[in-house]
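For reference, the structure is listed below as structure tokens.
The values are calculated or read from the model by the stated rules, or taken from the named source; none is laboratory data. Nothing here was measured: the structure is a model prediction, and the numbers come from that model. Counting neighbours? That spans all protein chains shown, and the Cβs are built from the backbone with ideal geometry, glycine included. Side chains are part of the model used for accessible areas, which takes the heavy atoms of the whole protein and leaves out ligands, DNA and RNA. Shrake-Rupley method; radii C 1.70, N 1.55, O 1.52, S 1.80 Å.
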Amino acid sequence: MKRQFYFALWMISCFAYGQSSIDLFTLSYKHGFSQPVSGQQANAAENVALLNLKIPIVFSESTIWYNDLTYQGFVVDYDGASSVIDPTRLHGLILQAGLVRKLSETTGFQLLLAPRLMSDFQQLDWQHGQLGGIGLFEKKYSDRLLMRYGLMYNRELFGHMFVPLVFVDWKISERWSINGLLPVFGKLNYQAHPRLGMGLSLFGLITSFQLGDPVYNGDYIERKSVDLSLYGRYRLAGNLHFEARFGYALGRSYRQFNEGDEVDFRITIATFGDDRTQQNVDFSAGPILDIRLVYNLPLD
């Protein structure tokens, strides 16, 4: 059984990813330090928990069924005097599942369904679910450079969301590399030691959450943030790594809107036809600290 498991992972490296490594399991806790709330005698601090698990199933030498499950929990706590703000507790379950196929030695594609459950977990119903998908075409240019090009779509509570995607896995030199699915996430890495990597990390995504609490009359929260951080990843033992990131949450916001108050559509951060009325107040962007435990499988 163990031999079959590692064979499956080897198949993934050869036919699906072609990249240098893959994070099979990630457990993360992020703290956003307390910042002033606009127009209020109060401060707000953000805490985010993340759990990610990848479970690929190999059908043949050229075909894989890919499964990626992510849970995120968001808590914004306020301290100070205010009559218009409440603690924010949100949850997101995101599944990416679909076909990963090799077309030739240098090309392939990925077609993934990406349904989501985005909610405060109060009075759950079908409105708390969202439908989406991802399509990517893969091209391996050399042993050092793999790229994918495609599009992500999600039917957010604020309307239709399109994100053009470019994946890059580029081993620039023996120590320097770039890896990520831009503009969602990416890393510039310097391998300072066989056990220690460090560099610059980017993570940015816009999501929306249905509020089931009857107090909010069906409103939703739109969360935005671009986390830009310096990071270090240290291999503890085997394939188990500890990672720490320290940086700044650029443009972070949790904005509340009435049910049905939508934009025409959005392409990445560009919004078209946005005349919505915000129902709450913002708190300032600020520094963040993110610590992670990662099981990373090398594929070289």
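Within the stretch 43-59, being buried (at least 17 other Cβ atoms within 10 Å of the Cβ) and small (Gly, Ala, Ser) holds for one residue alone: ALA44. Considered as a group, the residues in the stretch 118-141 that are open to solvent by less than 50 Å² (accessible area, probe 1.4 Å) and over 16 Å from PRO164 (Cα atoms) include one that is nearest to the chain's Cα centre (by Cα), and that residue is MET118. Among the residues of the stretch 16-26, are any open to solvent by 60 Å² or more (accessible area, probe 1.4 Å) and either at pLDDT below 90 or under 25 Å from TYR141 (Cα atoms) (or both)? For the stretch 16-26, residues open to solvent by 60 Å² or more (accessible area, probe 1.4 Å) and either at pLDDT below 90 or under 25 Å from TYR141 (Cα atoms) (or both): absent. Applying the condition of being touching a residue at least 40 places away in the same chain (Cβ under 8 Å) and more than 13 Å from the chain's Cα centre (by Cα) to the stretch 164-183 and asking which residue is most open to solvent (accessible area, probe 1.4 Å) yields LYS171.
Looking at ILE267, is it open to solvent by less than 60 Å² (accessible area, probe 1.4 Å) and either among the β-branched types (Val, Ile, Thr) or farther than 23 Å from ARG89 by Cα (or both)? When the stated conditions are applied, ILE267 does not pass them.
Give the stretch 192-233 a look and list any residue that's open to solvent by less than 60 Å² (accessible area, probe 1.4 Å) and of a type in the set (S, T, N, Q), or say none. Hits for the stretch 192-233 are SER201, THR207, SER208, GLN210, SER225, SER229.
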